[in-house]
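> Here you go, one structure.
No value in this document is a laboratory result; all are computed from the given coordinates. None of these values were measured; they are calculated from a predicted model. Cβ sites come from the backbone with ideal geometry, for glycine too, and all protein chains shown count toward neighbours.
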Amino acid sequence: MSLPTDPIPPAWGALISRQLPLVARLSTQDQDRLYHRMQLFFREVPIEGCGGLRLTEEIRLTIGAQACLLLLRMPYPRYTRVRRVLVYPSSFVPKPQALPASGEIVSPDEPLEGQAWQSGTVILGWDAVKRATRVATDGENVVLHEFAHMLDVEDGSLDGIPVLDSGSAYRAWAALLSLKFAEHTARVAKGEATILDPYGAEDRAEFFAVATEAYFETPVALRKDQPDLYALLLDFYKIDPATLVQPTRGHGAV
Ligand SMILES: [Zn+2]
């Protein structure tokens, strides 16, 4: 299996770079690779507008680019369990029969910004996607979060342990994940400020998802605060976002 070699639509580069500053700072080679992975993604995964949302090229590209950023340097195929993406205009209320398998324990009537099902459906609220895209440095990004769950669940279990490169990597991953999760849970319980979203204290799957958000959105801060976790994620994603962020101007690298 190989990546598509179709010509990249000329409008993609400017549109995606305007939406996603991190993509704008990738090398030309990586950008091309990202676009070809997006072509493959769009070919395999239908994206549907729901609740009256009319799907536009901006919506497709914003979601597709961030979903594919996660696996830019990974061997493919990935996202083997993703079957479809449903996009609502804003927060949505999951149907009672739609059992979330992503660790999100929610009452049926609580509106959500995103949800990932083990059966392969990713649901996103476009408002939340736009907000996350506009503010790319607050450590919160619903697209990265839900697609991190889909990487996690590729091996059949949503446990914070995705498919890794080698058998020997699993023991190290599980050990560090447990340690970092325990530290995070303890800090959240004490009410301490944390680099990672406190929601990561829910379980190991949520911890991996919020760690992924921080890795791409606040990489310098994460690397400084938790270099071991940063190194683990670098080994997995093989992109080093801390080297791609713009130099801070007087704000300090926090
Ligand atoms: Zn989650």
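> So what's the back-of-envelope 222 nm ellipticity for the chain, counting only DSSP H runs of four-plus at -39500 (n - 2.57) apiece and dividing by all residues, rounded to 500?
Values: 10 runs with 119 residues, N = 254.
Computed mean residue ellipticity for the chain: -14500 deg cm²/dmol.
> Here's a follow-up. What full-extension length gain, to one decimal in nm, is calculated for ARG187 and ARG73 as 0.36 nm per residue of separation minus the Cα-Cα distance?
Details: separation 114, 0.36 × 114 = 41.04 nm, distance 3.26 nm.
Result for the pair: 37.8 nm of gain on full extension.
> Here's a follow-up. Number of Lys-Lys pairs in the chain under 24 Å by Cα, sequence gap 8 or more or different chains? Walk me through the intermediate numbers first.
Working: LYS95/LYS130; LYS180/LYS190; LYS180/LYS224; LYS180/LYS238; LYS190/LYS224; LYS224/LYS238.
Count of close lysine pairs: 6.
> Filter the DSSP H helices in the chain by two things, a Kyte-Doolittle mean of at least -0.5 and an axial alpha-carbon span of 27 angstrom or more, and list the hits by number.
Values: long enough: 167-189 (34 Å, 0.28).
Counting only whole DSSP H runs, the qualifying helices are 167-189.
> Follow-up question, since we're still on this one. Between ARG25 and GLU58, with labels modelled 7 Å along Cα→Cβ, what's the label distance in nm to one decimal, could you check?
The modelled label-to-label distance comes out at 2.4 nm.
> Expressed in nm to one decimal, what extension gain is obtained for the pair THR243 and GLU44 from 0.36 nm per residue of sequence separation less their Cα-Cα distance? Numbers along the way, then the final one.
Details: separation 199, 0.36 × 199 = 71.64 nm, distance 3.15 nm.
Fully extending the segment from THR243 to GLU44 adds 68.5 nm.
> Take every DSSP beta bridge whose two residues both sit in the chain, then give the antiparallel share in percent to the nearest 5.
Details: 4 of 12 bridges.
That works out to approximately 35 percent antiparallel.
> Here is a further query. Between ASP165 and ASP225, how many nm apart are label points set 7 Å from Cα along the C-beta direction?
So the two model labels end up 2.7 nm from each other.
> Whole Å is fine, so just give me how far the alpha carbon centre of the range 35-53 lies from that of the range 105-171.
With the range 35-53 and the range 105-171 each reduced to a Cα centre, they are spaced 16 Å.
> Just subtract the alpha-carbon distance of LYS130 and ALA172 from 0.36 nm times their residue separation and send over the number in nm, one decimal. Working shown, then result.
Numbers: separation 42, 0.36 × 42 = 15.12 nm, distance 3.57 nm.
Roughly 11.6 nm would be gained on extension.
> Is the shape of the range 11-243 rounded, prolate or oblate, going by the alpha carbon gyration tensor and its root eigenvalues a ≥ b ≥ c, with a/c under 1.5 for rounded and a/b larger than b/c for prolate? The partial results should precede the final answer.
Values: a/c = 1.43, a/b = 1.14, b/c = 1.25.
Cα axes put the range 11-243 in the rounded bin.
> Which residue, chosen from ILE161, ALA116, LEU53, occupies the Cα position most advanced towards the positive end of the dipole of the range 11-243, where the dipole is computed from +1 (Lys, Arg) and -1 (Asp, Glu) charges on Cβ about the Cα centre?
Going by the charge dipole, the pick is LEU53.
> Please compute one quarter of the surface area of the Cα convex hull for the range 152-254 and express it in square nanometres. Don't skip to the answer; put the middle values down first.
On the way: hull surface 26.6 nm².
Over all viewing directions, the range 152-254 projects a mean Cα-hull area of 6.7 nm².
> Now for a different question. Express the relative contact order of the range 1-91 as a whole percentage, based on alpha carbon pairs under 8 Å and six or more residues apart in sequence. Spell out each step's value before the answer.
On the way: 75 pairs, mean separation 32.0, N = 91.
Computed over the range 1-91, the figure is 35 percent.
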